[in-house]
Amino acid sequence: MSSSASEKAVPASAHSFERYVPVDHTRVAFDGGFWKSWQQTVRDVTIPTQHQRLEEEGFLEVLDFDSPPGPLARPIQPSGLSMQHFFDSDFGKWIEAASYTLKNHPNPDIEAKIDAIVEKLEHGQMEDGYLNSWFIRREPEKRWTNLRDLHEMYSMGHLLEGAVAYFEATGKRRFLDVMIRAVDHIIETFGTEPGKLRGYDAHEEIELALVKLYRVTGDPRHLKLATFFVNERGQMPSYFDEEARRRGEDPADYVFETYAYSQAHKPVREQNEVVGHAVRAMYLLSAMTDLAFENDDPSLKDAADRLFADLTGRQLYVTGGLGPSGANEGFTRAFDLPNETAYAETCAAVALGFWCSRMAEIDLDGKYTDQLETVLFNGALSGIARDGEHYFYENVLESHGENRRWKWHYCPCCPTNIARFITSLGRYFYTTKGKEIAVHLYGANSAELDVDGTFVRLRQETAYPWDGDIRITLGLFQPTDLTLKLRIPGWCRNARATLDGRDIPLAPVNGYAEISGRFEDGVELRLHFDMPVERLYAHPAVGEDAGRVALRRGPVVYCVEEADIGIEPQRLRIAPDARLEPRYDADLLGGAVVLEGEGFEAATDGFEGGLYRTAPPPLKPRPFRAIPYHLWANRDAGAMQVWLAEK
């Protein structure tokens, strides 16, 4: 069953929300341009080396269910948690990312590696369906006793997403059936019925995975379980307090003090601020958005709208990064956006992309897809090196050279997350509803779309994001009535369009321009988005960025690295009227547009032997070059800065 087929398990007519259904990502081929090289790198380098890391770091050992458990690969921390509690989640995400590549690029070796993991998971699965390698091998008597801390259903959720992806890529049911048995066990264990536990995992994930499963199986029990977990979250008295007492613990001793950390401090429909752990929040909001559609529940969509406004209006980095604090891997207070200590976890940016795309599926509004695009080109893509095998967990916006990409991490959740984002990229470009095609993102590709039973081949030719010229052609078997909904990016101040050489007006509504008519085979639509270099200024409440400016061209945010200017960029000053010229540099890490301009160096003359003096430092002319933020830390070690001091 293809993913496009599985999306039709429940007809849209059953809902008051009219959902735009994502195209099957395997029907979108990035045959040139920006994303072709990234997808190829992830397919040929990232996925094989990630499996190698899983072996080298002792992850795969946890699936040797017939052997006595060996020493911990990740020791128990003072909090009582080991990263090893949720190793299964990394297998799930790796399988998911790899599966997204297999349909169009069969790889017997990768498929055999997936099958080997599935065989071990099936062999170790308990008779009642329970599946978690930590508890089965080490503490079977403690299963389902600490949902607050130990991520049992989070891990099962990622395995479930991997199983759905592998089934849709290969048609093999073995892994899917394993995970359906695991879900059956969860259904028997949790719920509002007498004798069941009214609990939910503190780390959201399984909720959105269950919706994916429901869209494949059509089994209403899968949707009911996802709905239960979302509805139960934050109800009082807290389930986490009750289970802590059953363990003989004082709930007040909770290391994070408040259940806002896991968005469980109040029922989800009553929440007005995005709080706590950033990845958890984004997974929860993704599930809430899915369930708003599937259950025809405007109250969930209303809550998601409020929380989106809070996030984008008060708590989001210019790069699309989110979660400023390492202490809780998440949010602190409004307008707290430090640059040098930014946490901005790669997983959180990826999960924000998941949520934004879901919001646009049931509410076609450019504010969601603008953020999706920002994440793609900046806050998420910065999490993987251009070589495809080095990564960032945290995505700071300022560094003095101490931040270097690593080969693997103590908690390697981010590498597999960015891999699954890039390998499934096609699903984010187009959605359809009836005779409408919504074009959300731009980049060179060819897509095969089923539009209300009519085959449409849509091709984009463009150098985007380096250039704002886009040529879209439609391939049709016969003249067809269609409506194109074309996103006009929020950053674009001037957009123009022609249809077969004739100028056509663009009148965007909620960020999308509509072009309707009877289209013939070979019709050509040309779009042009002006892409001047823009200066961005932060809200005055963001004290860190007072007197500073960030540079953006099109959807790409820029930074300055020491490698390009010979001094720490913290000493660079740029004038408000400084001319900034874009130039394509084919030699920069596969090619990118850089920005070049004249700035000033705050010189150290007169500060010899002292830190302070009564006169400001002299300014000397200093040419500078800015590069796309997602490419930083791919060359020599050195300082970096996004927000630059303005002269």
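The values are calculated or read from the model by the stated rules, or taken from the named source; none is laboratory data. Every value quoted in this text rests on a predicted model; they were computed, and no experiment measured them. We place every Cβ from the backbone using ideal geometry, glycine too, and count neighbours over all the protein chains shown.
Just one residue in the set Gly547, Gly522, Gly490 is more than 30 Å from the chain's Cα centre (by Cα) and within 30 Å of Leu572 (Cα to Cα); that residue is Gly547.
A count restricted to region 563-611 and to residues that are among the acidic types (Asp, Glu) and touching a His at 6+ places or on another chain (Cβ under 9 Å) stands at 1. Contact annotation: residue pairs with Cβ atoms under 6 Å, 6 or more positions apart or on different chains, pairing a residue in region 288-304 that is β-branched (Val, Ile, Thr) with a partner that is at pLDDT 95 or above and part of a helix (DSSP H, G or I), are Thr289/Ala304; Thr289/Arg358; Thr289/Met359. A single entry from Arg493, Arg471, Arg526 fulfils the requirement of being basic (Lys, Arg) and outside any strand (DSSP E or B): Arg493.
With respect to the conditions (1) among the polar types (S, T, N, Q); (2) touching a residue at least 24 places away in the same chain (Cβ under 8 Å); (3) within 22 Å of Val542 (Cβ to Cβ), Thr369 lacks only one, and its number is (3). In region 472-482, is there at least one residue being among the aliphatic types (A, V, I, L, M), crowded, with 18+ Cβ neighbours inside 10 Å and under 21 Å from Arg19 (Cα atoms)? Checked region 472-482: at least one residue is among the aliphatic types (A, V, I, L, M), crowded, with 18+ Cβ neighbours inside 10 Å and under 21 Å from Arg19 (Cα atoms).
If the requirement is being closer than 25 Å to His203 by Cβ and either β-branched (Val, Ile, Thr) or within 15 Å of the chain's Cα centre (by Cα) (or both), which of these qualifies: Ala342, Ala380, Ala334, Ala303? When all the criteria are applied, what remains is Ala380. Residues of region 387-428 that are surrounded by fewer than 23 Cβ atoms within 10 Å (Cβ to Cβ), farther than 30 Å from Pro569 by Cβ and touching a strand residue (DSSP E or B) at 6+ places or on another chain (Cβ under 6 Å): Arg427 alone. Filtering region 218-238 to residues that are in a helix (DSSP H, G or I) and either modelled with pLDDT under 95 or touching a helix residue (DSSP H, G or I) at 6+ places or on another chain (Cβ under 7 Å) (or both) leaves Arg221, His222, Leu223, Leu225, Ala226, Thr227, Phe229, Val230.
In region 537-557, how many residues are out of contact with any Lys or Arg (no Cβ under 7 Å at 6 or more places or on another chain) and in a strand (DSSP E or B)?
6
Here is the figure for region 377-407: residues that are basic (Lys, Arg) and at positive phi total 0.
Among the residues of region 603-635, count how many are aliphatic (A, V, I, L, M), crowded, with 18+ Cβ neighbours inside 10 Å and either in a strand (DSSP E or B) or modelled with pLDDT under 95 (or both).
Summing the residues that are aliphatic (A, V, I, L, M), crowded, with 18+ Cβ neighbours inside 10 Å and either in a strand (DSSP E or B) or modelled with pLDDT under 95 (or both) in region 603-635 gives 2.
As a summary of the residue check, Lys212 satisfies the conditions (1) within 23 Å of Arg143 (Cβ to Cβ); (2) touching a residue at least 24 places away in the same chain (Cβ under 8 Å) except for the one numbered (1).
Within region 226-256, the only residue that satisfies the criterion of being at positive phi and either buried (at least 19 other Cβ atoms within 10 Å of the Cβ) or of a type in the set (Phe, Trp, Tyr) (or both) is Gly234.
Screening Glu394, Glu373 for residues that are in the same structural domain as Glu205 (by TED's automatic domain parsing), at pLDDT 95 or above, closer than 30 Å to Arg635 by Cα and not in a helix (DSSP H, G or I) leaves exactly one candidate, Glu394.
Condition test on Phe167, is it farther than 26 Å from Val118 by Cα and among the aromatic types (Phe, Trp, Tyr)?
So Phe167 fails the test.
Residues that are among the charged types (D, E, K, R) and more than 20 Å from Glu329 (Cα to Cα) within region 267-279 comprise Arg269, Glu270, listed in sequence order.
To keep it simple, each residue is scored yes or no on (1) in the same structural domain as Glu581 (by TED's automatic domain parsing); (2) under 19 Å from Ala438 (Cα atoms).
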residue	(1), (2)
Cys492	no, yes
Asp500	no, no
Ile515	no, yes
Arg552	yes, no
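Taking Ala380 as the residue in question, decide whether it is surrounded by 24 or more Cβ atoms within 10 Å (Cβ to Cβ) and either over 21 Å from Leu589 (Cβ atoms) or touching a strand residue (DSSP E or B) at 6+ places or on another chain (Cβ under 9 Å) (or both).
Criteria not met by Ala380.
Are any residues in region 501-520 acidic (Asp, Glu) and either buried (at least 17 other Cβ atoms within 10 Å of the Cβ) or in contact with a Lys or Arg (Cβ under 9 Å, 6 or more places away or on another chain) (or both), and if so, which ones? Walk me through it before giving the result.
Keep residues of region 501-520 that are acidic (Asp, Glu), which gives 503, 514, 520.
Passing the criteria: Asp503, Glu514.
Which count do you get for residues in region 185-216 that are more than 16 Å from Thr289 (Cβ to Cβ) and assigned to a loop (DSSP other than H, G, I, E, B)? First the steps, then the outcome.
Step one: list which residues in region 185-216 are more than 16 Å from Thr289 (Cβ to Cβ), which gives 185-203, 213, 216.
Keeping just the survivors that are assigned to a loop (DSSP other than H, G, I, E, B) gives 191-196, 198-203.
The qualifying residues number 12.
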